[in-house]
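Notes follow once the structure below has been shown.
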Ligand code: ACO
């Protein structure tokens, strides 16, 4: 028999430095009206100085351990969804493990871009269900600003930095992560790219420099999401035997407020059921869903207990959907 999963604690962290739309208008040819009309974003947070994805992830994870009064030595596995880590290795997971003092935990990174939290949740669920681990720390963290081309107005206005974290444990009662689906569509791999410059053969002629900035076909991504996400949301609703009316809250990846509004309308989730925070943070990649959950609970918009449909999409293209239960102890 497989074990059920408990979401015991959830939290997030963003850096302190705020970059407003007006700040960006001083750097590139843009303005607050364009950004707000097309994306709903007003400002975003970016790392500065020594800050990086591992540090943000550590801060979010520490909050989760404190909230749940968990001894770091009891954590058995740390999964970190990090698509913009500051090092290829050591992994962000090992850096976070060391900073937290989770000496008994295995630790590894995964990469699924903005779908990282849901991909990580599915891995944690599988480990807990199988009985291999009972206490898992899931961290999703991105410092995308380090890889944004700050001269490209079509991408630099969209992203911010942040980290989310959740403690997942073996449950002795209900299952908080009952339904979860993942999709990968490598045929659409060119829609969003972050290249790692890697030509270093000493015998090769010097080639043109590779870009190490995010390149995105924004309009194509928009169309892709509007076509695929409704199908995936309907699929998981059918699997669970629920309709959108049975779902208390809809929390999609926060990439564009206009996209969230259009998806919510198409999927019949009224405004009061839709949780957003993109206005303050921009697209914080895999951290967007845990941050929206945390703020929804803390701000009182999410009433516990509740069933929440989360869905994310990102470079790859990757998609993740899940129906999760948030209970009173998450307050
Ligand atoms: N300020 C002012 N004008 C701008 C800006 C800007 N910041 N950016 C683009 N423009 C201009 C363009 O140059 C273009 O001008 P033109 O008509 O003279 O050529 C015009 O605005 C329209 O450009 P589009 O790119 O067609 O604008 P669109 O309405 O599609 O909005 C946007 C762009 C906001 C990026 C939208 O396509 C979008 O949100 N797409 C989805 C992005 C997304 O979800 N990405 C997921 C990333 S997740 C991950 O894994 C990293």
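The numbers here are math on the coordinates, done by the rules we state, and not lab data. Quick caveat: nothing in here was measured; it's all calculated off a predicted structure. Counting neighbours? That spans all protein chains shown, and the Cβs are built from the backbone with ideal geometry, glycine included.
Stokes-Einstein at 20 °C, 1.002 mPa s, Kirkwood radius from Cα pairs: D for the chain in µm² s⁻¹? Show your work: numbers first, answer last.
On the way: Rh = 20.0 Å.
Estimated via Stokes-Einstein, D reaches 107 µm²/s.
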How high is the relative contact order of the chain? Use alpha-carbon pairs under 8 Å, at least six apart in sequence, and give a whole percent.
25 percent
Using Cα centres only, tell me the gap between the stretch 154-233 and the stretch 241-309 in whole Å.
19 Å
Listed residues 310, 193, 110, most fluctuating in the chain (Gaussian network, C-alpha, under 10 Å)
193
Mind giving me the nanometre distance, one decimal, between the label points for residue 222 and residue 187, set 7 Å out from Cα along Cα→Cβ?
2.4 nm
Rounded to whole Å, sorted largest first: equivalent-ellipsoid semi-axes of the stretch 230-331, Cα gyration tensor:
18, 18, 13
Can you order the peptides 93-103, 61-71, 116-126 by their average number of other Cβ atoms within 10 Å per residue, highest first?
116-126, 93-103, 61-71
All-pairs alpha carbon distance profile, the stretch 1-89, 10 Å steps from 0, percent
13, 31, 29, 18, 8, 1
What distance in nm lies between label points placed 7 Å from Cα along the C-beta direction at residue 88 and residue 130?
2.7 nm
Go ahead and estimate [θ] at 222 nm for the chain from helices alone: -39,500 (n - 2.57) per DSSP H run with n ≥ 4, summed, over the residue count, rounded to 500.
-9500 deg cm²/dmol
May I ask what percent, to the nearest 5, of DSSP beta bridges between residues of the chain are antiparallel?
70 percent
How far is the Cα center of the stretch 109-145 from the Cα center of the stretch 1-60, in Å?
19 Å
Classify the stretch 101-256 as rounded, prolate or oblate from the Cα gyration tensor: take a ≥ b ≥ c as the square roots of its eigenvalues, call it rounded if a/c is under 1.5, otherwise prolate when a/b beats b/c and oblate if not.
oblate
